[in-house]
């Protein structure tokens, strides 16, 4: 296969052949979560999407340095002892809200959720609070280059001047600078300090009640939100690196301002390829708590939501996510989840059947052989076409009837080679587990020690004997107990298999 | 129970009644791991010890802010682009060793291991690299107070001057300043810059090849090792907090220098109580790779070491650790592990039996009632005596024969009240799971869904019927399969129970 990987670059708005800066190596930065609340399902979709991209790039043989940040500079306020002399305030430190305690809680929860969704940890997971010095240095560089100004201890990026001197601003988000000026808003208090509405803060003087604060040449304050990604991507991947990813909603202002900051500080673009994931919808609409149209990952897993008819396992949800392309919206509905669940089980059972097939043919390559090999080639072609997971999955599904046909004898091993059977086996294994990052949940509940499998095989054997001996008491007892445990048996030609809800 | 918690304070070398600075709240700082290699078993013992202390303090009703740091400032060297103008070096950033990638790998591994040992995450887990500004500020404060001096871009703590002006230095480690002067060594290169051998670096100018480096008022460099704990404990717990913990080996120079730094910067002692865990030995000697006398946690879990005859589960190892007091050395030998395994199973089975007991008495309190209540009181007394887990465990074990006696009928429910049975049940549950932090590994392998338990009960029932019907084929098949799966059945008066290796 000499196909080349193509990725859709948000910057050029077209698919481009992917070419890394350093041969064989890729630097990839993805905007991570803000850890001031539980991670949203939409964020999970973004991180699962980039997990598959990360896995596929590694599968292609690249050494990938994958950096995903933790935004832990928050906006919690409380009583701050300003002087350091107030002994009572000092003594009572434990009684005050400590932002880092909040951060730790939600960061742990985020890591737990990423593990539940079976995403690989990034190579480096830098935290915004851990890189204040680097951010201060970048602010200084931007000031030195004339693209930022200081007002009352805060520092603002001079968007207007930057836009005039560089044909860059607005390129990523497709906004025109004049429009930006008209529509730009800023949530920060010090709006009136800015020379222009399109300017944005890169260092903010802390109000007395602001809990997170550091010394800087301009004030005791904290960095502007967009700055951390510029500073940390530069530190760990270089001034210009290969891939920058994130959710669509970050395109503006976050990524647009990131680009401006990097140009302003280093005089070059941060990333060659910008990849953006699309939104997760529910029942055709944007998820919204206030409109009672939202669901959390735990609710999906335990089924406790009026929006779904049953619980869905984490791997099922992951599979569901992969059934849409990362650049398409994904509409979560109960019907779609039920359909995906069926598909997920069909895929996993197809693979189980496939792996159990023993080659029994004459090693001759017929039409079937070509058909199977073409389908396998197509899987890679789909993935090389901007990581098209739904189409790659569709190709895998086209192979399942071949597997079942070979098993049932409708199709003949005489029409394929042993090599082709092996290739099909390894392709399924590699795609399902290594690239799509799914895992066998049956095995998982068995603690990975196969005890569940062993016990089930014993029970299946006992049931078979009981039926043969017309010992209905025993077979009824087995049926009832397995039912209570939500374990289903399926009798087939090749024996009985089991699945568990 | 009006017993008061007593803790052994390394600073006073005696047990003291514990009195927190703020009523109902505790600030506790424990020195965490250096994440430049896999975590050692000895470190695991320290963190398990403080996990039990943390759990017990919370059980007593305290709100505990538990801070445990990550030491991620390492000493990796490589090629550094010094100018920022070397475009080739800049382009090749991905090819260089990135210390943070190493850090991330071992930090993830550490977190994984802490989860395997079922330790609770600390409230805040600050990283040294995330607090460079705070460390720089502390260096400045120490300089301002006259207890540090600058030499060629590095900053040294003036131990001699500090010791003369403060009757503090040496108190914790029991060293006399004159001896210190004689014996103090320093691993750092710039030794000759120091005014005195007992002085130590708090900021170190980075050699050109040093990869981790930050701007400071004195040089591009990195903080001295002892500094991070002073800076981070002050930030998150206040200048003076309740408990400072760590391994015995950290007493000197790390903790001694920490005390000096805090006094030097803030003019007060960091912690009121210093708690130190003792060493983990193996076969009576210090663990040592070079002397082929060492074992890793994974080796313990998979049994692949010549020093042990079989594998041991994480919870078994945790139980083994609790069988020694945290201030005693713990000698790991295969015999001790085998004995502990038996004890662990006896405790867990005793609890299983206890929880299944139904009260069947006349609610009269006899001698047995008093005996059981006294034993329960003793458990708490032992824990209040400097967290004496081995003695608390011994008391639990003294209760097991009572449980078995009640079950078998040797002891009569008529001699205890329903309240006492309930108290015994809740005490076992609370101590085993909440305070000692053990968990039921049988359940754990069943994925927490009880499927394993359910299947095993079905198999036990079928076996019983088969035996009654003299269906030896079936009962033999069950015996053989369970044997292969390393599941043991134990027939007792009250039915058959099962355990799994």
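Looking across A:335, A:382, one residue alone is modelled with pLDDT of 95 or more, surrounded by fewer than 19 Cβ atoms within 10 Å (Cβ to Cβ) and under 30 Å from the mean Cα position of the chain (by Cα). It is A:335. Being over 16 Å from residue B:328 (Cα atoms), modelled with pLDDT of 95 or more, touching a helix residue (DSSP H, G or I) at 6+ places or on another chain (Cβ under 9 Å) and assigned to a strand (DSSP E or B) is a property that does not hold for residue B:32.
Apart from one condition, residue A:212 fits all of (1) closer than 30 Å to residue B:236 by Cα; (2) surrounded by 23 or more Cβ atoms within 10 Å (Cβ to Cβ); (3) in contact with a helix residue (DSSP H, G or I) (Cβ under 6 Å, 6 or more places away or on another chain); the exception is (2).
The residues of region B:147-186 that are in a loop (DSSP other than H, G, I, E, B), at pLDDT 90 or above and touching a strand residue (DSSP E or B) at 6+ places or on another chain (Cβ under 9 Å), listed by number, are B:147, B:152, B:153, B:158, B:172. If the condition is being in contact (Cβ under 8 Å) with a residue 12 or more places away in the chain and crowded, with 17+ Cβ neighbours inside 10 Å, then region B:457-480 contributes B:459, B:460, B:462, B:463, B:466, B:474, B:475, B:478. For region A:54-66, a tally of residues being in contact (Cβ under 8 Å) with a residue 24 or more places away in the chain, in a helix (DSSP H, G or I) and touching a strand residue (DSSP E or B) at 6+ places or on another chain (Cβ under 7 Å) returns 2.
Looking at this structure, is residue B:133 under 24 Å from residue A:132 (Cβ atoms), at the interface with another protein chain (Cβ under 8 Å from one of its Cβ atoms) and in a helix (DSSP H, G or I)? In short, yes. Of all residues in region B:244-255, exactly one satisfies the criterion of being in a helix (DSSP H, G or I) and either buried (at least 23 other Cβ atoms within 10 Å of the Cβ) or touching a helix residue (DSSP H, G or I) at 6+ places or on another chain (Cβ under 6 Å) (or both), namely B:255. Tell me, yes or no, whether region B:133-146 has at least one residue that is touching a strand residue (DSSP E or B) at 6+ places or on another chain (Cβ under 9 Å), farther than 18 Å from residue B:222 by Cα and touching a residue at least 12 places away in the same chain (Cβ under 8 Å). No: zero hits. Across region A:112-130, the qualifying residues are those that are within 8 Å of chain B (Cβ to nearest Cβ) and assigned to a helix (DSSP H, G or I), and the one among them that is surrounded by the most Cβ atoms within 10 Å (Cβ to Cβ) is A:129. Scanning region B:257-273 for residues that are away from chain A (no Cβ under 14 Å) and either surrounded by 23 or more Cβ atoms within 10 Å (Cβ to Cβ) or free of Cβ contacts under 8 Å to residues at least 24 places away in the same chain (or both) yields B:257, B:258, B:259, B:260, B:261, B:264.
When we screen B:2, B:72 for residues that are at pLDDT below 95, away from chain A (no Cβ under 12 Å) and at negative phi, the only hit is B:2. Only one of the listed residues (A:241, A:222) is surrounded by 23 or more Cβ atoms within 10 Å (Cβ to Cβ) and farther than 30 Å from residue A:386 by Cβ. That residue is A:222.
Taking the numbered list (1) closer than 21 Å to residue B:118 by Cβ; (2) within 18 Å of the chain's Cα centre (by Cα) in turn, residue B:349 passes all entries but (2). Looking at this structure, is residue B:424 modelled with pLDDT of 80 or more, within 10 Å of another protein chain (Cβ to nearest Cβ) and either surrounded by 13 or more Cβ atoms within 10 Å (Cβ to Cβ) or touching a strand residue (DSSP E or B) at 6+ places or on another chain (Cβ under 6 Å) (or both)? No: the conditions fail for residue B:424. For region B:427-450, a residue qualifies if it is surrounded by 21 or more Cβ atoms within 10 Å (Cβ to Cβ) and at pLDDT below 95, and exactly one does: B:446. Counting only residues that are touching a residue at least 40 places away in the same chain (Cβ under 8 Å), surrounded by 14 or more Cβ atoms within 10 Å (Cβ to Cβ) and part of a helix (DSSP H, G or I), region B:355-376 holds 5 of them. Scanning region B:258-288 for residues that are under 22 Å from the mean Cα position of the chain (by Cα) and outside any helix (DSSP H, G or I) yields a count of 19.
The values are calculated or read from the model by the stated rules, or taken from the named source; none is laboratory data. Predicted model, so just to flag it, every value in this text is computed and none were measured. As a convention, Cβ positions derive from the backbone with ideal geometry for all residues, glycine included, and neighbour counts pool all protein chains shown.
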